[in-house]
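*Asks:* Pasting in a structure now, in structure tokens, and then I'll have a few things to ask.
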Ligand code: ADP
Ligand code: MG
């Protein structure tokens, strides 16, 4: 099968701090990959290298065949196909939910306003917020805000979604509603890379789990393999702490 994302010998340093040491991985279309690992192991940096929010120190990242570190690649064009959802939702507080969702496709002239509004309604229904289109983010709970952030990413019609600890800032009772939306997205065939501490989600939804530590992929496999029968001592000791 053709790989949607190809990472070859990726290295990333911040000054003298080498954060990603030699990462190679391929992610297939429709695959759901969950990245787990201790804080500071390089998970966010890895995710940000995929859409070139971070420069790449060495190696290659290809998204849909586009080399992300090639000056000839139109990064903005490729990024239109890559949605990203962060721990903090970064919604525009002075815009309604509908306006938050329609902003990017309208500004970038990908959709006209009417089409964008229709699409926003579909997407808000999909994340269970059909009745919130006209409210401001300040009137929403954390879980609702994060679902709006997901709808906003989907408005660009991406075929890859990157999630960086999307539930880590949420009160526990709101985690489930966000994971449910992500689960549905996975079931609909979205290619997803999810950095998460939600081991239950990873176990249930991931096609593959990647354990990172100190800038390396230490171990990867199906959830059954990584959670049920970890091969590496570092994986075992991490899982002992979080499970
Ligand atoms: P994780 O997401 O696994 O917690 P990160 O990718 O955020 O790990 O960070 C990995 C390491 O890179 C940490 O030591 C962090 O302090 C460092 N780091 C991340 N971003 C920067 C940056 N912009 N400048 C300098 N150091 C950074
Ligand atoms: Mg992180």
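The values are calculated or read from the model by the stated rules, or taken from the named source; none is laboratory data. On a predicted model such as this, the values are computed, not experimentally measured, just so you know. All Cβ positions, even for glycine, are placed from backbone atoms using ideal geometry, and neighbour counts span all protein chains on display.
*Asks:* What are the pairs, 6+ residues apart or on separate chains, where a residue within region 44-62 that is closer than 20 Å to residue 3 by Cβ has its Cβ under 7 Å from a residue that is part of a loop (DSSP other than H, G, I, E, B) and within 12 Å of ligand 1 (Cβ to nearest atom)?
*Replies:* Close Cβ pairs (under 7 Å, with a partner that is part of a loop (DSSP other than H, G, I, E, B) and within 12 Å of ligand 1 (Cβ to nearest atom)) amount to 48/54.
*Asks:* To continue, here is another question. Could you check region 146-165 and list, in sequence order, the residues that are away from ligand 2 (no atom under 16 Å from the Cβ) and either touching a strand residue (DSSP E or B) at 6+ places or on another chain (Cβ under 6 Å) or more than 16 Å from residue 132 (Cβ to Cβ) (or both)?
*Replies:* Correct list: 149, 150, 153, 156, 157, 158, 159, 160, 161.
*Asks:* Moving on to the next point. Please enumerate the residues belonging to region 166-188 that are surrounded by 20 or more Cβ atoms within 10 Å (Cβ to Cβ) and within 16 Å of ligand 2 (Cβ to nearest atom).
*Replies:* 166, 167, 170
*Asks:* Might you check whether a residue that is exposed (fewer than 14 other Cβ atoms within 10 Å of the Cβ) and either modelled with pLDDT of 95 or more or within 16 Å of ligand 1 (Cβ to nearest atom) (or both) occurs anywhere in region 204-212?
*Replies:* Filtering region 204-212 for residues exposed (fewer than 14 other Cβ atoms within 10 Å of the Cβ) gives 204.
Still in the running and either modelled with pLDDT of 95 or more or within 16 Å of ligand 1 (Cβ to nearest atom) (or both): 204.
Checked region 204-212: at least one residue is exposed (fewer than 14 other Cβ atoms within 10 Å of the Cβ) and either modelled with pLDDT of 95 or more or within 16 Å of ligand 1 (Cβ to nearest atom) (or both).
*Asks:* Still on this structure: Can you tell me which of 15, 30, 65 is more than 10 Å from ligand 1 (Cβ to nearest atom), surrounded by fewer than 15 Cβ atoms within 10 Å (Cβ to Cβ) and farther than 16 Å from residue 212 by Cβ? Steps first, please.
*Replies:* Numbers: 15 fails: more than 10 Å from ligand 1 (Cβ to nearest atom); 30 fails: surrounded by fewer than 15 Cβ atoms within 10 Å (Cβ to Cβ).
Only one candidate passes the filter, namely 65.
*Asks:* Would you mind stating whether residue 91 is within 17 Å of the chain's Cα centre (by Cα) and more than 16 Å from ligand 1 (Cβ to nearest atom)?
*Replies:* yes
*Asks:* Let me ask another. Hey, any hits in region 164-174 for a residue that's within 16 Å of ligand 1 (Cβ to nearest atom) and either out of contact with any helix residue (DSSP H, G or I) (no Cβ under 7 Å at 6 or more places or on another chain) or on the phi > 0 side of the Ramachandran plot (or both)?
*Replies:* yes
*Asks:* Go through (1) within 16 Å of ligand 2 (Cβ to nearest atom); (2) crowded, with 19+ Cβ neighbours inside 10 Å and name the single condition residue 197 misses.
*Replies:* (2)
*Asks:* If a residue has to be buried (at least 16 other Cβ atoms within 10 Å of the Cβ) and either away from ligand 1 (no atom under 12 Å from the Cβ) or under 11 Å from residue 10 (Cα atoms) (or both) to count, how many in region 46-58 make the cut?
*Replies:* Counting residues in region 46-58 that are buried (at least 16 other Cβ atoms within 10 Å of the Cβ) and either away from ligand 1 (no atom under 12 Å from the Cβ) or under 11 Å from residue 10 (Cα atoms) (or both) gives 6.
*Asks:* For region 1-82, give me every one of the strands (runs of 3 or more DSSP E) that falls completely inside it and has 2 or more residues that are away from ligand 2 (no atom under 16 Å from the Cβ) and modelled with pLDDT of 95 or more.
*Replies:* 3-14, 17-28, 58-63
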